[in-house]
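Below is one structure, written out as C-alpha cells; the observations come after it.
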C-alpha cells in the first residue's frame, strides 16, 4: 500500500534534518499538462489523513487520495541526466497537451 526505499528515506531524512519546517512529508495531488501526479511537501497532518511512519519519517496522505492512488512507492533515482524522487502510484498517466507534449 505504501513503500519507501532506503535510498529515498535517507535523502528525506537528510533534508528534514536541515529544515526548519514541519517534520511530516505530505503526499499530495498535483496537476500539469501531463495530467495528475503525486508530489511531496512539508506539512502538518490533517484530520482526514492517513499517517505512515517509515524509518523514523512521518508521511501524511489524504485518505481519499490514498484510496485512488494506492499502492504508492517512493524511490530516489540517479542517472546521467539528473537525480530526484520517483513516486509511483496507480493514478492514470496523462498524455500531455499539444503545447508541451513534443513534436
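Laid out as a table, the results:
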| quantity | calculated |
| --- | --- |
| Measure of compaction for the stretch 1-40 (Cα Rg per 2.2 N^0.38 Å) | 1.39 |
| Percent of beta bridges antiparallel (DSSP, the chain, rounded to nearest 5) | 75 percent |
| The stretch 33-84: mean projected area of Cα convex hull, nm² | 5.2 nm² |
| Distant alpha-carbon pairs in the chain (separation over 19 angstrom), percent | 47 percent |
| Nitroxide proxy distance, nm - points 7 Å out along Cα→Cβ at residue 3 and residue 67 | 2.4 nm |
| Packing-based order for 28-41, 64-77, using average beta carbon neighbours within 10 Å, highest first | 64-77, 28-41 |
| Theoretical gain in end-to-end length, residue 86 to residue 46 [0.36 nm per residue, Cα-Cα removed] | 12.0 nm |
| The chain - percent relative contact order, Cα under 8 Å, separation 6 or more | 30 percent |
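Each reported figure results from applying straightforward, stated rules to the coordinates on display, with no laboratory input. Computed from a predicted structure; not experimentally measured. Cβ coordinates were reconstructed from backbone atoms using ideal geometry, including for glycine residues, and neighbour counts include every protein chain displayed.
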